[in-house]
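Rule-based calculations on the coordinates, nothing more; no lab input. This structure is a prediction, so every number in the text was calculated from the model and none was measured. Reconstructed Cβ throughout: ideal geometry from the backbone, glycine too, with neighbour counts over all protein chains shown.
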Amino acid sequence: MLKIENLTKTFGSFKALDNLTLTVPKAAVYGLVGPNGAGKSTAIRHATGVYQPETGTVLLEDQPVFENPQAKARIGCIPDEIFFFPSASLEEMGRFYQGVYPKFDRELFRQLYDVFRLPKDLPLRRMSKGMQKQAAFHLTLSAHPDMLVLDEPVDGLDPIMRRQVMSLILSDVSQNGTTVLISSHNLRELEDVCDHVGIMDHGAMLLQRSLADMQGSTHKLQIVGHTPEGLEILHESASGRLKTLIVRGQAWEISTKAAASRPAYFDVLPLSLEEIFIYELGGVSDAVKNILL
Amino acid sequence: MRSKTSCFNSTVCKKDLTRYAPVWLLYALCLILGIIIMYTEARNASDNNHYWFPVYMGECIQFMAAVNLCYGLLTALLLFGDLCNTRMCYGLHALPLRRESWYLTHLAAGLTFSVLPTALMALVSLPLLAGTSIQNAWLISPLWFLASNLQYLCFFGIGVFSMICVGNRFAAIGIYCVVNFGSLLAYFFVDSLYTPMLYGVITPTRLSIALSPVYTLATGSYIEFTGYHEALIQSAYRPDQVRGEFWLTGCEDSWTALAVYAAVGLAFLALGLVLYRKRRLETAGDVVSFPVLRPVFLVLAAVLGSVMAYLMAVLILDVTWLQYLCLVLGLALGWFAARMILERTMRVFRPRNWLGLAAAAAVLGLSLAVVRFDLLQIDERIPQTEDIQSVSIYGSGPGAAFTEEADIETVRRIHSLILEDRLEQSGAYLTDYDAFASQIYDERSTAETYGAQSYEPEILSCRYSSSITLTYELNNGATMERQFFLWADQEEGQLLKTLLSDWDTIFCNSEEASAWGVNLYGLSLNTDRVSEVTVSRVDDKDMDPACTTPEAIEALLEAMKADCQANATAYSALLHEGHFYYTGEFEEEMEYDAASRIDRSISISIWVKGGRDLSEDTQAQSSVTLPESSNEMTCYEINVYPEMTNTIDWLRSYNLFPWTVESETVYVMW
């Protein structure tokens, strides 16, 4: 759906994006994770056509996004800092969106009042941050985007509101098959909603995987006995006679090889997302590790 | 699917109009209030508004230039202000609209901000104008509407361009001021810093004025009225009887300038679009939006700093080296302030930045050296005769234009002699009247002081000329202008006196080059028109009608002609020897000292039928066409000097000369 290839962006002498490549499959929920200053927001501004790529391309189904209203009309964006016209109410903003987005659904906009229960005519700037976020979702969902681009959508919200926002995103994905690109500096926030994750640091993509693939291909092997041969071991530790190995491979394959070594005891366990990233990323900086905690 | 990708989006336009409705509605209200005030003023000026309301509406066009200067900037700041706010900027540009759509829609809204209120005012004024005694007054309404909106287009274009170039509103205001007033500031800078180092050189004003739209648009006359002077005279009696009409003849320059500046505004708008397409949105909030403008901003800030510091120093300090010190300090201040603004830090005093400042100071110093030592030979330059189309000489009175080769040669000779006899004091050439007088006082030390107390006049027995201006119109279309003081008793003074005493030069030189005809308008004064000539006053006294018979007038003209042949009529007291001493009675019962009785010249007022007296009309244009049937008069003020013996004899023969002629040349210095 969205393909960013070899994207570079500099702000003066600071390189914000360094040859970034990112692919968001259709109908996927893609979590873009990275510490502060990793370049997530910059990447998202390219994805929504705000920034012009210096080098590289940003394509939405093979169409460039920058200065392409047809492509941008298919993208609904909720930035980290939400914009509303000063003193505009939700109703007024709805009318504005209706005039700008070709697929804006007035009927859906009306229906969403029942979902969000936001006041129609209260100036948006007088609403709380959580309500403003909801208003942004109200407006963006009414535009029927094929792709939602969300920059830190739950940042600054309380836990209840976070859960509400996440459930909103998931319900839109399930109902409309919307593709979602969502950024956060905390992996835990995205763990339950994403099916693809990309980790960025210093403007570059460190790792980009499907969660299903990662969780199926890396396991924890606890074994008492000799270390089996033929396993791709990412990490090894021992506590008394019990060895704990982080092994790449399918569960049945690891079990077979472990059994062949005739251990006194062995067990193959799945890894949490957090553990996978810690072992996959190995020697990356503390800043990146912080996103996992 | 509806297309939302065109260059205009009605939703955005509507949003602009509603979002900023208080601004343009308030503007409309102010305009309506303005028209009410004008109408009331017109009624107060006479018993009714029959004549003056259209006049005020016509004059209001000039005033609208100042209004549009502010309003154009304000609307540009509002409509494009979202570019200065990262949140709004990113949010809006993520919407499915091309930048062209944003830009052109904002432009449409911006133009509507002016068109709607001015249309409203034009509509309101239409019936009021139609009811006046100016026949075609209703046409002023659409003309006012057109002119006002063209002015707005100019200033709005500059305002938008300023907003696109920079990332915050303060910087935009700065750019806007530089574009509108930079040339005038540059003029004052050059005029006060560089020009005094070049003898006789005048800082050209034409370019400075042309580059300042607001100056040109606010000073030109857009509409002329017939019956204006009649109405002026009758305003206290029966102004409703004054009929007239307006016309645009004589205002072509103003309308042409308006069209040109509107086109300039359009060009700025087009340039703004090009820049907007290339603009990096992340520069929202920055001082400049394009890296290429950073050095321009630095240099501009440094120059502005030095200009302001120097001009202030000139105002409050008399010591030249302190003024130069302020110049350098201002340069440094502007330079580092600009650095701080660009880099958003106070830590800008790095060696590299000092190097940049040193380079800027070196360029400034070099330019000063080039001018001071006249390495480009600017003040020595005298155009070749074959390159000169015409040359005009202006003194303290009206000027004279010469196209004959012999006359041009004489002027070149005068120019050359003036350069040889130049005076210099404290490193600068003397071009100031008082400085020149004090120099003469110091050098000759022949002053005969009549009054010892302060504020009393001093009578100096010395002679010199006031300044003269030489204007060369060159064959290549260029103009070269020089202004000098000259020694009247040297060869250059005598040559000038001869040149300016020619009868044809004085009386038959048409248009603005006439030497004596204050408002000549192409009329020639000669003895064939004696029946149309009358003399009304000598100095400040009315003449007996018996002295204004055709015979008397003819004798006066003959006397003056004879004085011309004696090279005694040049229009400048300082070119003449001797003075008059008044022996008559003063009208008021006061004690007068000797200085009060001294005159270097006395004046005769000659009136010619067929013209009109515009002496109170400072805006009078020489190209105004006078109606054939006019019964008004044109007034010529003629100065009589002690050397004009024939004219003095004529005055004596009619008992119009209560003076004695003294041979000593004096100058009364107050």
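Going from the fewest other Cβ atoms within 10 Å to the most, the residues B:Asp374, A:Asp172, B:Asp544, A:Asp151 appear in the order B:Asp544, B:Asp374, A:Asp172, A:Asp151.
Kindly state, as a whole number, the per residue volume in cubic angstrom of the convex hull around the alpha carbon atoms of segment A:153-293. Please report the intermediate quantities before stating the final value.
Numbers: hull volume 20.0 nm³, N = 141.
Hull volume over Cα atoms, normalised by residue count, gives 142 Å³.
B:Glu473 sits among other residues whose Cβ lies under 11 Å from its own Cβ, and their net charge, with Lys and Arg +1 and Asp and Glu -1, is -2.
What whole-number value in cubic angstrom gives the convex hull volume per residue for the C-alpha atoms of segment A:81-145? Provide the component values of the computation, followed by the final result.
On the way: hull volume 5.0 nm³, N = 65.
Cα-based convex hull of segment A:81-145, divided per residue, equals 77 Å³.
Only lysines eight or more places from A:Lys3 in sequence, or on another chain, were considered; those with a Cα closer than 20 Å are A:Lys26, A:Lys40, A:Lys72.
Angle of helix A:251-260 to the longest C-alpha principal axis of chain A, folded into 0 to 90 degrees and rounded to 10: 10°.
Where does each of A:His144, A:His226, A:His46, B:His415 land when they are ranked from fewest to most other beta-carbon atoms within 10 angstrom? Before the final figure, lay out the partial values.
Numbers: A:His144 18, A:His226 12, A:His46 26, B:His415 21.
With the sparsest Cβ surroundings first, the list reads A:His226, A:His144, B:His415, A:His46.
Out of every Cα pair in segment B:10-283, what percent are spaced more than 23 Å from each other? Distances greater than 23 Å cover 59 percent of the Cα pairs.
To one decimal place, what orientation-averaged projected area in nm² is obtained for the convex hull of the Cα set of segment A:2-202? All intermediate terms of the calculation are to be shown ahead of the outcome.
Details: hull surface 43.0 nm².
Averaged projected area of segment A:2-202's Cα convex hull equals 10.7 nm².
Give me the distance between the Cα centres of segment B:61-112 and segment A:49-85, rounded to whole Å. So the two Cα centres are separated by 22 Å.
In chain A, the longest principal axis of the Cα atoms and the axis of helix A:129-142 are about 80 degrees apart. Among B:Arg169, B:Arg206, sorting on how many other beta-carbon atoms sit within 10 Å of each Cβ, with the fewest leading, yields B:Arg206, B:Arg169.
Mind jotting down the distance between the C-alpha centroids of segment A:23-42 and segment A:191-237, whole Å? Comparing the Cα centres of segment A:191-237 and segment A:23-42, I get a distance of 19 Å.
Extent of segment B:293-372 along its three principal axes (Cα atoms, max minus min coordinate, largest first): 37, 26, 22 Å.
Translational diffusion coefficient of segment B:1-133 at 20 °C, 1.002 mPa s, Stokes-Einstein with Kirkwood Rh over Cα pairs, in µm²/s as a whole number. Answer from the Stokes-Einstein relation: 126 µm²/s.
Please tell me the relative contact order of segment A:1-77 in percent, rounded to the nearest whole number, where contacts are Cα pairs under 8 Å and at least six residues apart.
Details: 124 pairs, mean separation 25.8, N = 77.
About 34 percent, as a whole number.
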